[in-house]
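Structure first, then comments.
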Amino acid sequence: MAAYRIPFNRPSIVGEEIEYVRGAIEGGHSAGDGPFTARCSELLSSWLGGSPTLLTTSCTHALEMCALLLDIKEGDEVIVPSFAFVTTAGAFALHGAKPIFVDIRPDTLNLDETQLREKITERTRAIVVLHYGGIACEMDAIEAISRETGVPIVEDNAHGLLGTYRDQPLGTFGCLATQSFHETKNFICGEGGALVINRADWAERAEILREKGTDRSRFLRGQTDKYTWVDVGSSYLPSEILAAFLCAQLEARDQIQQRRESIWQLYQEELAVWAEGQGIGLPHVPGHCTHPAHLYYMILPTADARSRLIEHLGERGILAVFHYQALHLSQMGNQFGGRAGQCPVAENVGDTLLRLPLYSGLEDSEQAEVIEAVQAFRVG
Ligand SMILES: Cc1ncc(COP(=O)(O)O)c(C=O)c1O
């Protein structure tokens, strides 16, 4: 792979990460559910309206836990936006569900709530929403449909930690929500995630599913004198070494967020005039939403223009990348009946969206270079 002077993403140490990792190992507890895991859970929970939050090995595994908690089985249907990560749908398909793909809105690139109601049948078990780039879905309308039909909402909140919709934190709307700490996210530990449990009565089962189907968490709290196999489950528990790293990142929240927000805002301001002149779309943030500056994207007028812009930036040592390809057009999506033309906005955005470098370690001078290089590009 070519080496880029300005990569798309660069994970960085922002605070006490290395000291905390040393502490986890020297403290004699490097397996899961030690003091760093507890600190991460408490912090996340305090950002998420007090809901119990369990660290997991990935957001994908947290989504699989959602499928287990919802008792998803063969023949069930789960609604997902077509413009989404593979496991936003795949975690439910793994348990036998058929994903029902819904198109996205052209402005926020989120599930188009006006197309949701017609997709719900008596087999629908969940509405999975994804707040693209941490800019919220239209939750008022989606919640109204959920209430009317009794179908629960699951939030894939991989992008949305610290975003809000009408002042309410993203991750607190669904009965369950999932977070990611993969290296491209705002807060990282290499690979990691969390499950946010907004239904108090599911908290105990979630602990059991995460601990290989055992009641070990109750045992560790002294609530039972031994632990045994009580349910299905798997090993969704990250080690303390990862939790220690993540803990330092979460504690550096202000530093990370201030830097990301300032980078995002500068792209938005500096590229506005150029983008308008070239017929290029930039992110739209509705007035009732705040977002955590997770990613910065542009929508080019054609797939060819996107390829040329990627090449133009690459020649200058800058890596810009595209994102999701419409899921209904994938090999698996086809097996679930996906066909071209079914979700035209997702198909088009999959072909034309481009993301620019955005990470807290991006220097001012590097961002200035990216902006200058982008502004030098002409669509046609
Ligand atoms: C929206 C969304 N959901 C889920 C995931 C999967 O996250 P993880 O890599 O933590 O499993 C990603 C990964 O980038 C994502 O973008």
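The values are calculated or read from the model by the stated rules, or taken from the named source; none is laboratory data. Not measured: the values here are computed from a predicted model. Note that each Cβ is placed from the backbone with ideal geometry, even for glycine, and that neighbours are counted across all protein chains shown.
Restricting the stretch 67-84 to residues that are assigned to a loop (DSSP other than H, G, I, E, B), of a type in the set (A, V, I, L, M, F, W, C) and buried (at least 21 other Cβ atoms within 10 Å of the Cβ), the residue that is farthest from the chain's Cα centre (by Cα) is 72.
Within the stretch 215-243, if we keep just the residues that are assigned to a loop (DSSP other than H, G, I, E, B) and touching a strand residue (DSSP E or B) at 6+ places or on another chain (Cβ under 7 Å), the residue that is nearest to residue 67 (Cα to Cα) turns out to be 233.
I'm trying to understand the selection: among the residues of the stretch 145-163, which are among the small types (Gly, Ala, Ser), closer than 20 Å to residue 118 by Cβ and touching a strand residue (DSSP E or B) at 6+ places or on another chain (Cβ under 6 Å)?
Residue satisfying the conditions is 146 alone.
Residues of the stretch 330-380 being modelled with pLDDT of 95 or more, part of a loop (DSSP other than H, G, I, E, B) and small (Gly, Ala, Ser), which ones? Within the stretch 330-380, 330, 337, 338, 340, 341, 360, 361, 376 qualify. One residue stands out among those in the stretch 207-242 that are under 16 Å from residue 61 (Cα atoms) and small (Gly, Ala, Ser): the one that is surrounded by the fewest Cβ atoms within 10 Å (Cβ to Cβ), which is 235.
Annotation: of all residues in the stretch 46-70 being of a type in the set (Gly, Ala, Ser) and touching a residue at least 60 places away in the same chain (Cβ under 8 Å), the one that is nearest to the ligand (Cβ to nearest atom) is 58. Residue 277 falls short on exactly one of the conditions (1) more than 16 Å from the ligand (Cβ to nearest atom); (2) outside any loop (DSSP other than H, G, I, E, B); (3) surrounded by 14 or more Cβ atoms within 10 Å (Cβ to Cβ), and that condition is (3). Total residues in the stretch 356-380 satisfying the condition of being surrounded by fewer than 19 Cβ atoms within 10 Å (Cβ to Cβ), closer than 23 Å to residue 277 by Cβ and out of contact with any Asp or Glu (no Cβ under 8 Å at 6 or more places or on another chain): the figure is 8.
Can you tell me which of 246, 282, 295, 327 is in contact with a strand residue (DSSP E or B) (Cβ under 9 Å, 6 or more places away or on another chain) and farther than 20 Å from residue 160 by Cα?
327
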